[in-house]
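The values are calculated or read from the model by the stated rules, or taken from the named source; none is laboratory data. Source: prediction; values computed, not measured. Methodologically, a virtual Cβ is constructed for each residue, glycine included, from the backbone with ideal geometry; neighbour enumeration extends over all protein chains shown. Ligands, DNA and RNA are excluded from the accessible area calculation, which covers all protein heavy atoms including side chains. Shrake-Rupley method; radii C 1.70, N 1.55, O 1.52, S 1.80 Å.
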Amino acid sequence: MLKLSCNGLDRVHSFAQCGFSARPACVGPRRRRSGIAGFRSPGVKAFPVVAVVSDRDGAVASRVDAEAGTLADRLRLGSLTEDGLSYKEKFIVRSYEVGINKTATVETIANLLQEVGCNHAQSVGYSTDGFATTPTMRKLRLIWVTARMHIEIYKYPAWSDVVEIETWCQGEGRVGTRRDFIMKDFATDQVIGRATSKWVMMNQDTRRLQKVSDDVREEVLVYCPREPRLAIPEEDSNCLKKIPKLEDPAQYSKVGLVPRRADLDMNQHVNNVAYIGWVLESMPQEIIDSHELHSITLDYRRECGQHDVVDSLTGVEMIQGDAEAVPELKATNGSAISKEAKQQFLHLLRLSTNGLEINRGRTEWRKKAPR
């Protein structure tokens, strides 16, 4: 992976300040830039057009221009792609974003996915108040909430590595939208992770789910690919598989987890990424020591507030075809699980007070590579 010295970091930031989003010459051949020119009105400063979004018949449906924006906008290493239907951004893995394996944690990767999704929404003109809402949604007091998140990590980036994440959204039936992600090693262009998520609309005041209206759908789909584009092939993947409820008593548990103030997001409830940390709190230590997380799927079922107390439960899920047994780990039905196959676990987050479900999850783990 591309690793940057202090001077290297300065060079990357200088590209951002100059408005370039292509690769530095020292990394590889420069991508050809769009030939779309800016436009000028009398007495108005011209800004280059980043992308032109067309409808199915080829007519211009929306014109996305590069505004002067804030200092953050000018320094950010991200932009819409030339067709305006997806967004790419580069990130440098910081020292405080790596964990005990000296690589980025899954929480770090989830935070980067959340960041690039928010930046994409801002780049096409959605609200900047943390809700990424369209004009019609703001009139009706509607917001987006996460229904499901699935992340697959093939190789974890290390401190000072540079990753590039591409994201796009598309329709998902009548009740929501789908946002997909592809994460690459910027130095080699190798795909090192993929993710997909489902979002539904909720009334901000009543907290009830709402169907996506035709007006909202039109506002969203103008920035979506014309044909379905999936980051993760759905066959042989956990991304769509139903997550069964983990029955009590679970094999492993961590009870009495309390949200910190820092866990709350701009919407005043526990951030989506905090649930990942709670799920992993009840994982058996022998798996943490010998394996690394390959994929995680979370179904969000209930909001969690600052004063809620949470229990985290975990149990082994049998994978069909297991043969060789691991004596120290047993599946929920008492049978042994395979030593060589990827190991899967089911998870449940619930309120300590009344047992109501907050989140169901599934994780898949692979053996750590020998050092």
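For the stretch 232-260, a residue qualifies if it is open to solvent by 40 Å² or more (accessible area, probe 1.4 Å) and under 22 Å from the mean Cα position of the chain (by Cα), and the qualifying residues are 233, 234, 235, 236, 240, 241, 242, 260.
Residues in the stretch 235-273 that are assigned to a loop (DSSP other than H, G, I, E, B), of a type in the set (Gly, Ala, Ser) and under 11 Å from residue 348 (Cα atoms): 1 in all.
Would you check if residue 207 is at positive phi, open to solvent by 40 Å² or more (accessible area, probe 1.4 Å), of a type in the set (D, E, K, R) and in contact (Cβ under 8 Å) with a residue 40 or more places away in the chain? Yes. Among the residues of the stretch 197-221, those that are aliphatic (A, V, I, L, M) and under 15 Å from residue 132 (Cα atoms) comprise 200, 201, 202, 212, 216, 220, 221. Residues that are part of a loop (DSSP other than H, G, I, E, B) and either small (Gly, Ala, Ser) or over 12 Å from residue 172 (Cα atoms) (or both) within the stretch 199-214 comprise 204, 205, 206, 207, 208, 213, listed in sequence order.
Residue by residue, here is whether (1) out of contact with any His (no Cβ under 7 Å at 6 or more places or on another chain); (2) open to solvent by less than 20 Å² (accessible area, probe 1.4 Å); (3) in a loop (DSSP other than H, G, I, E, B) holds:
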position	(1), (2), (3)
122	yes, no, no
136	yes, no, no
143	yes, yes, no
148	yes, no, no
151	yes, yes, no
156	yes, no, yes
165	yes, yes, no
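May I ask you to list pairs of residues, at least six apart or on different chains, whose Cβ atoms are under 9 Å apart, with the first in the stretch 245-271 being more than 19 Å from residue 146 (Cβ to Cβ) and free of Cβ contacts under 8 Å to residues at least 60 places away in the same chain and the second being β-branched (Val, Ile, Thr) and part of a loop (DSSP other than H, G, I, E, B)? Here the result reads 257/309; 258/309, each pair linking the stretch 245-271 to a residue that is β-branched (Val, Ile, Thr) and part of a loop (DSSP other than H, G, I, E, B).
Please indicate, with yes or no, whether at least one residue in the stretch 208-224 is over 17 Å from the mean Cα position of the chain (by Cα) and closer than 28 Å to residue 342 by Cβ. Within the stretch 208-224 (the criterion being over 17 Å from the mean Cα position of the chain (by Cα) and closer than 28 Å to residue 342 by Cβ), the answer is no, since none of the residues qualifies. Just name the residue that is modelled with the lowest pLDDT out of those in the stretch 73-113 that are of a type outside the set (A, V, I, L, M, F, W, C) and in a helix (DSSP H, G or I). My answer is 73. Of the residues 194, 217, 229, the single one that is outside any strand (DSSP E or B), in contact with a Phe, Trp or Tyr (Cβ under 8 Å, 6 or more places away or on another chain) and open to solvent by 10 Å² or more (accessible area, probe 1.4 Å) is 229. Contact annotation: residue pairs with Cβ atoms under 6 Å, 6 or more positions apart or on different chains, pairing a residue in the stretch 282-296 that is closer than 16 Å to residue 151 by Cβ with a partner that is acidic (Asp, Glu) and open to solvent by 20 Å² or more (accessible area, probe 1.4 Å), are 294/364; 295/152; 295/364. In the stretch 177-188, is there at least one residue being out of contact with any strand residue (DSSP E or B) (no Cβ under 6 Å at 6 or more places or on another chain) and farther than 24 Å from residue 365 by Cα? Yes: one or more hits. If you go through the stretch 274-301 and keep only what is part of a loop (DSSP other than H, G, I, E, B) and either at pLDDT 95 or above or surrounded by fewer than 13 Cβ atoms within 10 Å (Cβ to Cβ) (or both), you end up with 282, 283, 284. With respect to the conditions (1) at pLDDT 95 or above; (2) open to solvent by 30 Å² or more (accessible area, probe 1.4 Å); (3) not in a strand (DSSP E or B), residue 131 falls short on a single one, namely (1). Tell me yes or no: at least one residue of the stretch 311-318 is surrounded by 22 or more Cβ atoms within 10 Å (Cβ to Cβ), touching a helix residue (DSSP H, G or I) at 6+ places or on another chain (Cβ under 8 Å) and under 21 Å from residue 150 (Cβ atoms). Checked against the condition, which is being surrounded by 22 or more Cβ atoms within 10 Å (Cβ to Cβ), touching a helix residue (DSSP H, G or I) at 6+ places or on another chain (Cβ under 8 Å) and under 21 Å from residue 150 (Cβ atoms), the stretch 311-318 yields at least one hit.
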